[in-house]
1. Express as a percent, rounded to the nearest 5, the fraction of DSSP beta bridges in segment A:7-155 (both residues included) that run antiparallel.
2. Rounding to the nearest 10 and keeping the result within 0 to 90°, find how far the Cα-based axis of helix A:144-155 lies from the longest principal axis of chain A.
3. Between helix A:67-78 and chain A, what is the angle of the helix's C-alpha long axis to the longest principal axis, kept within 0 to 90° and rounded to the nearest 10?
4. I'd like the mean, over residues of A:35-48, of how many other protein chain beta carbons sit within 10 Å of each residue's own Cβ.
5. Quickly estimate the mean residue ellipticity at 222 nm for chain A, helices only: each DSSP H run with n ≥ 4 gives -39500 (n - 2.57), and the total goes over all residues, rounded to 500.
6. What spacing in nm lies between the two simple spin-label points modelled at residue A:74 and residue B:29, each 7 Å away from Cα in the Cβ direction?
7. Sorted by mean Cβ packing within 10 Å, highest first, what order do the peptides A:65-74, B:358-367 take?
8. Once you treat every alpha carbon in segment A:7-155 as an equal point and sum by Debye, what is log10 I(q)/I(0) at q = 0.18, 0.21 Å⁻¹?
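Rule-based calculations on the coordinates, nothing more; no lab input. What you see is a predicted model; the values in this text were computed from it and never measured. All Cβ positions, glycine included, derive from the backbone under ideal geometry; neighbour counts span all protein chains shown.
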């Protein structure tokens, strides 16, 4: 309807831990006023009432790991005006993309006594591998402040202010002393997308890359600096964003060495 | 009479207000429940498989990603299992207290979410807390502020509320200064007042008259209400160390679910979670929680699963009160972690996630490489008990219309706060009356 009604929001889940959609409910101070401005039309985890689409904006959590989900995401795309992926699963395949480097039948036998009951694809892929995505919000988990910015930008017809620079910039702004330079702690900060607020170095540990690759990351240079063995570097890049192109290439390069 | 021969089907394909994807199916032949299935169709993610070959030090970060609602439960269980394998015990002192404090934060966040946003709307006839807020804005706002206090605790100690970054095998990367914790006191005191008020109003809700007697299983810790450790104890005489889990509990794979079903050998289904903890350990609660429960008329054991909302509220009093006591007594340790050297061994860890007992077992090599991993989440342990609950609830509610019965069944499932993301290692409710 073109009447000045509230715009509608839908929240969808694919293979995931629910943590990113929980971030919506974690907006304790803003949730009720958000609901004053937007009609939360489809959000199964929070409401048993659903409104039929189409929806003005869809937030999609999770990766595609089954044939059924590969079909479902196409239906979600068709019923959505703007489609925004939230989190590392939806944006890069998530931790379950570790199967992309392994034998899924073997995986299934390890976990399930009757693997025949399990139907799954051999890969975990991001939403963008299946449908057109309007905006991708990184993070495992996403930062709820960034989520609010993305929703608010959408409501106000502007581009979200979400920077693609590295975690290093956030450390400098926060005034954290570099853990790599000062303590020799291995840190993926130089190649990792900003957004978390550089939490790990502020807690005396190296960044572990949960926001995925920054724009134009130079992984080869960082890796030469790190002093880590190839097998450790493979593990470093193969966590929550193992399927993100730059991290995938880096881990495969170290695996070949 | 046609009523006695009619087949009725009650089904819900997408269960709402639970964490993860599940459905239910109930079939009635006349007045007999012939089939009950809680179907968990969350796609499998294969954690136990890809943990093989990873380093023992990576488990708190990796297993946190099993569940965005209770990551701390996964972090502490896995860290304790690795410490057990390596012969390290962190059973007292400031590091253990900080772990317990972090875990209190998760209980406060998760229980506030369940009581106010997932469960209360069932009793008051709303589809969601957001709809409920149109008539009861103040109540919902109070619940959200209590949830926020739990999240604030997790953020200070853990770095962030979802998937905290500060938990490691052996302790923490950095421990907070006492002043960092003291800023949380005001919000936690308000949360404690809200928790006490929550016990009062939830105890006055109308509960269907149902009594169910599953075997209750919970950790029991001589030092207090069970959260981060304990022996595995039941009200039918089970009393074992976490290391003996496999000798007494088996997991089975059934066709209708991507979650494995656990059962006690030779006995069958059992229930973990708030009702079980309250049955087995209410005497170990703090005085304020016991007093609030007594005033609300909540006896132990509590056998009506619909009253689990009151038990969760009492546990909110426990968790907020204990968090305040831990902050008051906190002294910053010199080291944030103890050194843990890997060795070839098997280790076990069991803790109480907000929705029930969580068990981890790892076999590691001498350099700390994981050879085998086994994770048994609360919902896969509870799945059979929930199905049995559902059967009893349907059998006692046969005169309800299909629509009312479907709602009652969904509510019976939400009573147990199932976490399907975790257990897929959950349930599709279809009521099939033909």
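1. Numbers: 2 of 20 bridges.
Of all bridge pairs located within segment A:7-155, approximately 10 percent are antiparallel.
2. 40 degrees
3. 60 degrees
4. Numbers: counts 6, 2, 0, 0, 1, 3, 0, 0, 4, 7, 13, 10, 11, 15.
Average neighbour count from other chains, rounded to a whole number: 5.
5. Numbers: 12 runs with 96 residues, N = 257.
One gets -10000 deg cm²/dmol as the mean residue ellipticity at 222 nm.
6. 4.1 nm
7. Values: A:65-74: 16.8, B:358-367: 20.3.
Per-residue Cβ counts within 10 Å, averaged per peptide and sorted highest first, yield B:358-367, A:65-74.
8. Rounded to two decimals, the profile gives -1.02, -1.31.
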